[in-house]
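> Below is one structure. I have some questions about it.
The values are calculated or read from the model by the stated rules, or taken from the named source; none is laboratory data. Model, not experiment: these values are computed from the prediction. In this analysis, Cβ positions are derived from the backbone assuming ideal geometry, glycine residues included, and neighbour counts consider all displayed protein chains. With ligands, DNA and RNA removed, areas are computed over all heavy atoms of the protein, side chains included. Shrake-Rupley method; radii C 1.70, N 1.55, O 1.52, S 1.80 Å.
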Amino acid sequence: MSYDLDQFASDCRAILERDPGPAGREQVRLKLEQLLANQDFIEKYCGEHVPRGLTVLYEDPDLGFQILAHINDKARVSPPHDHGASWAIYGQATHYTDMIEWERVDDGAGSDQAKLEPVKKYRLLPGHAGTYEDGKIHSIDYPDYARFIRVTGTNLDNIQRVRFDLASGKVHQMTPQQAT
Ligand SMILES: [Fe+2]
């Protein structure tokens with residue numbers, strides 16, 4: 001039988017209970033790639049019939065991590081942003097996402113003004129997943145109909161996050177689910 005959402009959620013739980021740090025997250029990333037290889041899963045949760053928007057597929061009652069489906073029809077470019085004190089793993093379901101990872105080259109947190117430099121650029125293709133550790137800054141750029149599955153360490157709506165305006169350098173607090 002193909003690897004399905006229930007198995008993935010229970011594997012995430014077992015892995016993160018044992019090791020919530022970067023090594024555990026890497027195991028979750030690999031399991032997510034296994035899930036994305038299941039075409040029945042892709043059709044059921046990311047297919048044409050699925051309602052558009054953001055759906056929570058699973059939230060762990062004890063560990064707090066979430067598995068989310070981002071079902072997009074329209075292309076989007078996000079500003080650089082972090083995931084606050086959480087990590088996030090992005091797994092591509094359909095089409096692709098161009099990722100840029102950024103680093104602050106000013107003297108850092110606390111200021112409402114930042115200077116960012118891109119440090120890594122790559123395209124996430126279907127079946128592949130990338131991890132963004134706590135506090136890492138990235139931006140995403142995807143075409144129409146790009147869909148992805150995201151696993152976050154916690155519900156990001158409950159934590160403080162920031163986004164960066166590249167033109168002005170301004171740092172903005174993010175509102176719930178304002179960007180991915
Ligand atoms: Fe993000």
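> Take the residues in the range 138-151 that are surrounded by 15 or more Cβ atoms within 10 Å (Cβ to Cβ) and out of contact with any Leu (no Cβ under 7 Å at 6 or more places or on another chain), then tell me which one is farthest from residue 84 (Cα to Cα).
146
> Okay, next question. I'd like the residue in the range 135-153 that is modelled with pLDDT of 95 or more, assigned to a loop (DSSP other than H, G, I, E, B) and over 24 Å from residue 73 (Cα atoms) and, out of all such residues, is nearest to the ligand (Cβ to nearest atom).
136
> Name the residue that is nearest to residue 92 (Cα to Cα), counting only residues in the range 143-174 that are without any contact (Cβ under 8 Å) to a residue 40 or more places away in the chain and within 16 Å of the chain's Cα centre (by Cα).
Filtering the range 143-174 for residues that are without any contact (Cβ under 8 Å) to a residue 40 or more places away in the chain and within 16 Å of the chain's Cα centre (by Cα), the one nearest to residue 92 (Cα to Cα) comes out as 157.
> Kindly establish whether residue 69 is among the small types (Gly, Ala, Ser), in contact (Cβ under 8 Å) with a residue 60 or more places away in the chain, open to solvent by less than 30 Å² (accessible area, probe 1.4 Å) and within 30 Å of residue 172 (Cβ to Cβ).
When the stated conditions are applied, residue 69 passes them.
> Mind checking which residues of the range 84-102 are modelled with pLDDT of 95 or more and not hydrophobic (A, V, I, L, M, F, W, C)?
Within the range 84-102, 86, 90, 91, 92, 94, 95, 96, 97, 98, 101 meet the criteria.
> Continuing with the same structure: Only one of 111, 86 is hydroxyl-bearing (Ser, Thr, Tyr) and within 14 Å of the ligand (Cβ to nearest atom). Can you tell me which?
None of the other options fit; the residue is 86.
> Mind checking which residues of the range 72-83 are among the charged types (D, E, K, R) and within 13 Å of the ligand (Cβ to nearest atom)?
Listed by number, the residues that qualify are 76, 82.
> Looking at the range 34-54, can you tell me whether even one residue there is in contact with a strand residue (DSSP E or B) (Cβ under 6 Å, 6 or more places away or on another chain) and hydroxyl-bearing (Ser, Thr, Tyr)?
The answer is yes, given that some residue of the range 34-54 is in contact with a strand residue (DSSP E or B) (Cβ under 6 Å, 6 or more places away or on another chain) and hydroxyl-bearing (Ser, Thr, Tyr).
> I'd like to verify a number: residues in the range 89-100 that are within 10 Å of the ligand (Cβ to nearest atom) and surrounded by fewer than 21 Cβ atoms within 10 Å (Cβ to Cβ), how many?
Residues that pass the stated criteria total 1.
> For the range 44-94, give me each residue that is polar (S, T, N, Q), over 11 Å from the mean Cα position of the chain (by Cα) and not in a loop (DSSP other than H, G, I, E, B).
If the condition is that a residue be polar (S, T, N, Q), over 11 Å from the mean Cα position of the chain (by Cα) and not in a loop (DSSP other than H, G, I, E, B), then 55, 94 are the ones that fit.
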